[in-house]
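Engineer: Below are the structure tokens for one structure; questions will follow.
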Amino acid sequence: IEEEEARLTARREEEKAKMIAREIKNIQDQITSLREIITAVKHNLRKQDLVSGALVDVKRQQLPDNPERNTIYAIVLGSEGFRSGKHNWEVEVGDHSHWYIGVAKESINRKEEAFATPVYRYWAINLRRGNYSAGDNSLMLKRRPQRTRVQLDYDKREVSFYNLKDMTHIHKYKDTFTERMYPYFSYGKAGDADHPDIHISLSPEVCFVNRIFSQ
């Protein structure tokens, strides 16, 4: 009986994870479609020789300036934060040339310029202009991680990063957490990347659905 219950529980968790993955894929497809529409509209307006001042900034059209909205950067946070336990998720960045992944406190400043460092309540690693870093520290990596595991151990006050290809350790933060922590993700332009798509593989309790904040 116990084996059967364990099997059913595992199946339910697997189905839940697949459902979340499908929801994320649908959202990603919708965002891609919207970007293509915006690009096509702007292109058509320019073809009609309209002055630049007449172009409509669709991204800023009637967006509510609520406290949760980030007005400076394009940021995605997990819809659920954590105040205890160990949690992990995986991010596949491929050869994308500009990204940030890690965790962020609930109290991050969403209205002013900030940097992805613990001083600004971010614990993350990033790739920018060909250089890897963790906060203010440069990272000298032997292999370029295309798929990274982020592990938050709230009780031990640790955030760790691993290259999933060989599970080599990339970096570890150890700090004091006193509030809810959220999975954090952000990215810039893909540049000349051959495979610019980015994918997030989630454990069942982590969901990047309801907290998409952008300009």
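The values are calculated or read from the model by the stated rules, or taken from the named source; none is laboratory data. Everything numeric here is computed off the predicted structure, so don't read it as measured data. Here the Cβ is made from the backbone with ideal geometry for all residues, glycine too, and neighbour counts use every protein chain on show.
Engineer: Any residue in segment 137-154 that is within 14 Å of Glu179 (Cβ to Cβ), out of contact with any helix residue (DSSP H, G or I) (no Cβ under 8 Å at 6 or more places or on another chain) and modelled with pLDDT of 90 or more?
Structural biologist: Yes; the residues of segment 137-154 include at least one that is within 14 Å of Glu179 (Cβ to Cβ), out of contact with any helix residue (DSSP H, G or I) (no Cβ under 8 Å at 6 or more places or on another chain) and modelled with pLDDT of 90 or more.
Engineer: Being among the charged types (D, E, K, R) and either over 20 Å from the mean Cα position of the chain (by Cα) or within 13 Å of Phe82 (Cα to Cα) (or both) is the filter here, so list the residues in segment 146-157 that pass it.
Structural biologist: Taking segment 146-157 as the starting set, the residues that turn out to be among the charged types (D, E, K, R) are 147, 149, 153, 155-157.
Across segment 146-157, the qualifying residues are Asp153, Asp155, Lys156, Arg157.
Engineer: Name the residues in segment 72-102 that are within 21 Å of Arg180 (Cβ to Cβ) and part of a loop (DSSP other than H, G, I, E, B), would you? Break it down stepwise before answering.
Structural biologist: Looking only at segment 72-102, we keep the residues that are within 21 Å of Arg180 (Cβ to Cβ), and these are 73, 75-89, 91, 100-102.
Within segment 72-102, Tyr73, Gly78, Ser79, Glu80, Gly81, Arg83, Ser84, Gly85 meet the criteria.
Engineer: Name the single residue that is surrounded by the most Cβ atoms within 10 Å (Cβ to Cβ) among those in segment 1-26 being β-branched (Val, Ile, Thr) and modelled with pLDDT of 75 or more.
Structural biologist: To start, the set of residues in segment 1-26 that are β-branched (Val, Ile, Thr) comprises 1, 9, 20, 24.
So of that shortlist, the ones also modelled with pLDDT of 75 or more come out as 9, 20, 24.
Values: Thr9: 10, Ile20: 20, Ile24: 17.
Here the answer is Ile20.
Engineer: Same structure, new question: Please work out which one of (1) closer than 27 Å to Pro145 by Cα; (2) of a type in the set (D, E, K, R); (3) at pLDDT 75 or above; (4) not assigned by the TED database to the domain that holds Arg129 is the condition Asp29 fails and give its number.
Structural biologist: Of (1) closer than 27 Å to Pro145 by Cα; (2) of a type in the set (D, E, K, R); (3) at pLDDT 75 or above; (4) not assigned by the TED database to the domain that holds Arg129, only one is false for Asp29: (3).
Engineer: Another question, then. Any residue that is within 25 Å of Gln28 (Cα to Cα), among the aliphatic types (A, V, I, L, M), surrounded by 21 or more Cβ atoms within 10 Å (Cβ to Cβ) and touching a strand residue (DSSP E or B) at 6+ places or on another chain (Cβ under 6 Å) - is there at least one of those in segment 159-175?
Structural biologist: no
Residue by residue, here is whether (1) aromatic (Phe, Trp, Tyr); (2) closer than 18 Å to Asn163 by Cβ holds:
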| site | (1), (2) |
| --- | --- |
| Ser97 | no, yes |
| Tyr100 | yes, yes |
| Glu106 | no, no |
| Ile125 | no, yes |
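Engineer: Condition (residue is of a type in the set (A, V, I, L, M), modelled with pLDDT under 90, not in a loop (DSSP other than H, G, I, E, B) and not assigned by the TED database to the domain that holds Thr9) applied to segment 203-212: is it met by at least one residue? Reasoning before the result, please.
Structural biologist: Of the residues in segment 203-212, the ones of a type in the set (A, V, I, L, M) are 206, 209, 212.
If we keep only those that are modelled with pLDDT under 90 as well, we get 206, 209, 212.
This time we only want the ones that are not in a loop (DSSP other than H, G, I, E, B), so: 212.
From what is left, the residues that are not assigned by the TED database to the domain that holds Thr9 are 212.
There is at least one residue in segment 203-212 that is of a type in the set (A, V, I, L, M), modelled with pLDDT under 90, not in a loop (DSSP other than H, G, I, E, B) and not assigned by the TED database to the domain that holds Thr9.
Engineer: Now, a different point. Return the residues of segment 149-186 that are of a type in the set (Lys, Arg), free of Cβ contacts under 8 Å to residues at least 24 places away in the same chain and in a strand (DSSP E or B); say none if nothing qualifies.
Structural biologist: The answer is Lys172, Lys174.
Engineer: If you take the residues of segment 94-111 that are of a type in the set (D, E, K, R) and at pLDDT below 80, which of them is farthest from Pro145 (Cα to Cα)?
Structural biologist: Within segment 94-111, the first condition is being of a type in the set (D, E, K, R), and the residues that meet it are 95, 105-106, 110-111.
Those left that are additionally at pLDDT below 80: 95, 110-111.
Working: Asp95: 9, Arg110: 28, Lys111: 31 Å.
Taking the candidates together, the pick is Lys111.
Engineer: Considering only segment 7-30, state which residues are under 16 Å from the mean Cα position of the chain (by Cα) and among the basic types (Lys, Arg).
Structural biologist: Once the filter is applied, which keeps residues that are under 16 Å from the mean Cα position of the chain (by Cα) and among the basic types (Lys, Arg), segment 7-30 yields only Lys25.
Engineer: Enumerate the pairs (first residue in segment 126-148 and touching a residue at least 60 places away in the same chain (Cβ under 8 Å); second residue anywhere and in a loop (DSSP other than H, G, I, E, B)) with beta-carbon separation below 7 Å, excluding pairs fewer than 6 apart on the same chain, so at least 6 apart or on different chains.
Structural biologist: Arg128/His98
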